[in-house]
Amino acid sequence: MAGSSEKAGDDAKALCYDVVARIDVDAVGLCHDDTYLYVASREGRVQVWSKESWKSVATLGETSTPPLCVLVDADHVYAICERRVYVWQKATWGMIGWFELSYQAVTADIQGSYLYIGAKDGRLVAIRTDTRDTSSWTLHKSDITGLWADRDVICTVPRKGSPCVWSLPGTKQPEEVVSLERKERAVSVAGNSECLLVALANGKVDIWDRSSWSLDETVEASPSGPVVSMWANDLFMVAATMTETISLWDMRRVIPVGELRVERVKFDHVLGDCELLYVTAPTEVLVLRILYSDRVVDLCSDSGIPTDEGLLRTSPYDVLEMILQHRERGDELLRAGSHHEAVAEYERALQVLVDSARALLEVPEERERLSRDLNSRLGRALLRAKIDEVQQLRRAVAGIVEELESEGRLIRDVQDVHQLWLEAGHVLKESSILSEAQGGNVLSFQLMYEADQLRTELDRARRMVDDYLARVNEVRALTQSMLSEWRWLERRRTALPDRTAFLERAMDTLRGRLESADGDPEVENILREALAYYQGLHDKIGRIISSTQQCDELPVSRDDALSAVRGLLGVLPARLEALTSTEDTDRHATALESLVAAINEAIELAKKFKFKDELSELEAALEGLTEGKGEDSE
């Protein structure tokens, strides 16, 4: 756990946060009391952390299966697992024991002296914490995935179907108070003394008035995405989304205070605790302190509610003025050609319109008129922005065609080209949807025309690139095949003449392909590189073969030659006599062969330097040896 404080937020006037502590744990649930934070982990333990020092004071467990959640009352800690509930004593942190559940648990909540468990098959289980007396009832046709209870009612959220509010049962059969009928599926529930909050799968939150159980209003808890977890009291609502954001709402005025973004954190649960906010992520629990204009927001105190002028703007005239300011900025950006920025400004204006629905109830006609006007302007800006994207893609596609036509090859990376194809496909699809949705706007027809032109140019560019890559890949396959065969010849240690023959065949093939390349620069470049490589090898091997076969005469002067010839003639009589006396046939043959070779070499020298006398003597000696050799053979 890191105890250092980190700060995040857009600027001094924005909602931001300090990270008070980070607890490294794979958390599945958490709760708190005045002194401790209790964290249930996937490893089957409950960690107890001091809220004063943020140090671990106890580890409770372990449980037979990972807990679904952890709950506390004044004296005990409860870990609810699918089939068991484990109980520890707060005073000693010792385990009291555990008891079996008759039905498989999915979620749980605690209220007063009762532990309520939402179970499989739509059953609600009520367990008295002091006596363990248990009652259960089938309330829905599918699993109960969400619970919220206070002293008067309990709300159950089934996996399929509508949430229902029931009289708090205790051990009696619960009576249905109201069914919160909606088409959208409910994903989470929270509440306070005045209203019940139901988060829907479409990202909206229904606010139900508890006095009449009528739907008061529906708000978009966060424009960033669907809500995964909620916490609420009479003052605030905190909603965590799937997109790294936490939205804070002032529940007394039902207006958004702001939004926090926690980078690279996927939220599972969120829980408020006065000046602190606990958030669970897959690998850690974050303890945050929320700030507004550098002032701590106390979620449990009236003094913690920000009083910034922007938040107090509940007058319909102030709201309308704010919307018109956004619209004017959007118009200026649109005229300047900053179409994407104009889209963002119009969307901000619409967001204010949605968030301030209650304040604008007094001016319904103006609200309706502004809504139509903003949607029209937003549609125009979206079309302009999309036309910009299509035209930019057309220029990029034209650049590829120009590369192939002028250079004969692709200068850019092939992966970048494929990425461009994907981007163009997405933009064409989006253009089709947008032009259909904005069919009454003349710009939709311009977008359709631009998209058709892009589609035509894209098809042509794709064909050209495919043809180019096919030619290049064919030549590369050829050169790679040749290289593989050459490596095989080297590994087999074939004779150099055989290697030369292969290289000559390879070069002939490459020259033939070069002649038929039809001026294709990339193909010619690949073939020339391969031809130069094999030509270089052929020249090296040719020089090696020539040097091993060549028998050059040793350089010798006339005097040295005369000395060598006379030396041979001087020892010749003795050598002939020794040869005659040799009885060993093999030795005789070897000596005779050596002597004949020496005389032949001497004769060549005599001829070269015109030693006439010595030449006659040498020829006579050679003739005598040849005749003697013939007689010996007979």
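The values are calculated or read from the model by the stated rules, or taken from the named source; none is laboratory data. Given the structure is predicted, the values throughout are model-derived calculations rather than measurements. Neighbour counts are summed over all protein chains in view; Cβ atoms, including those assigned to glycine, are modelled from backbone coordinates with ideal geometry. The protein model used for the area step is the full one, side chains on, heavy atoms only, and it has no ligands, DNA or RNA in it. Shrake-Rupley method; radii C 1.70, N 1.55, O 1.52, S 1.80 Å.
On the stretch given as segment 106-139, residues that are farther than 16 Å from C164 by Cα, exposed (fewer than 14 other Cβ atoms within 10 Å of the Cβ) and either under 46 Å from the mean Cα position of the chain (by Cα) or of a type in the set (A, V, I, L, M, F, W, C) (or both) total 0. All of (1) among the hydroxyl-bearing types (S, T, Y); (2) modelled with pLDDT under 90; (3) assigned to a strand (DSSP E or B) hold for T156 with one exception: (2). Residue count for segment 248-258 under the criterion of being under 33 Å from the mean Cα position of the chain (by Cα) and surrounded by fewer than 19 Cβ atoms within 10 Å (Cβ to Cβ): the result is 0. Residue check: is L215 of a type in the set (A, V, I, L, M) and surrounded by fewer than 22 Cβ atoms within 10 Å (Cβ to Cβ)? Answer is yes for this residue.
Listed by first and then second residue, the pairs linking a residue in segment 233-247 that is open to solvent by 10 Å² or more (accessible area, probe 1.4 Å) to a residue that is β-branched (V, I, T), with Cβ atoms under 9 Å apart and 6 or more places separating them unless they lie on different chains, are L235/I305; M242/V227; M242/V228; E244/V262; E244/V265. The combined condition, being within 30 Å of the chain's Cα centre (by Cα), open to solvent by 80 Å² or more (accessible area, probe 1.4 Å) and either over 24 Å from Y346 (Cα atoms) or not aromatic (F, W, Y) (or both), is not fulfilled by I387. I'd like the residue in segment 270-289 that is in a strand (DSSP E or B) and under 25 Å from the mean Cα position of the chain (by Cα) and, out of all such residues, is farthest from A232 (Cα to Cα). This residue is E284. T218 falls short of the stated requirement of being in contact with a Gly (Cβ under 7 Å, 6 or more places away or on another chain) and of a type in the set (S, T, Y). Here is a list of conditions, (1) surrounded by 18 or more Cβ atoms within 10 Å (Cβ to Cβ); (2) under 18 Å from R348 (Cα atoms), and R261 meets all of them except one; can you say which number that is? So the condition that R261 fails would be (1).
Once segment 510-528 is narrowed to residues that are part of a helix (DSSP H, G or I) and out of contact with any helix residue (DSSP H, G or I) (no Cβ under 8 Å at 6 or more places or on another chain), the residue that is least open to solvent (accessible area, probe 1.4 Å) is G512. Test L503 against the criterion of being farther than 26 Å from L410 by Cα, assigned to a helix (DSSP H, G or I) and in contact with a Phe, Trp or Tyr (Cβ under 9 Å, 6 or more places away or on another chain), and give yes or no. In short, yes.
Selection of segment 466-497 for residues being exposed (fewer than 11 other Cβ atoms within 10 Å of the Cβ) and acidic (D, E) yields D466, E490.
Here is a yes/no grid of residues against (1) among the charged types (D, E, K, R); (2) at pLDDT below 80:
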position	(1), (2)
K266	yes, yes
L271	no, no
A281	no, no
L291	no, no
R295	yes, no
S303	no, yes
D318	yes, no
M322	no, no
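When G161, G203 are checked against the criterion of being more than 23 Å from Q351 (Cβ to Cβ) and not basic (K, R), G161 stands alone in meeting it. The single condition among (1) within 43 Å of the chain's Cα centre (by Cα); (2) acidic (D, E); (3) modelled with pLDDT under 90 that D143 does not satisfy is (3). When L404, L374 are checked against the criterion of being part of a helix (DSSP H, G or I), in contact with a Phe, Trp or Tyr (Cβ under 7 Å, 6 or more places away or on another chain) and under 22 Å from L443 (Cβ atoms), a single residue qualifies: L374. Exactly one residue among Y36, Y103 is open to solvent by 30 Å² or more (accessible area, probe 1.4 Å) and under 20 Å from C274 (Cα atoms), and that residue is Y36.
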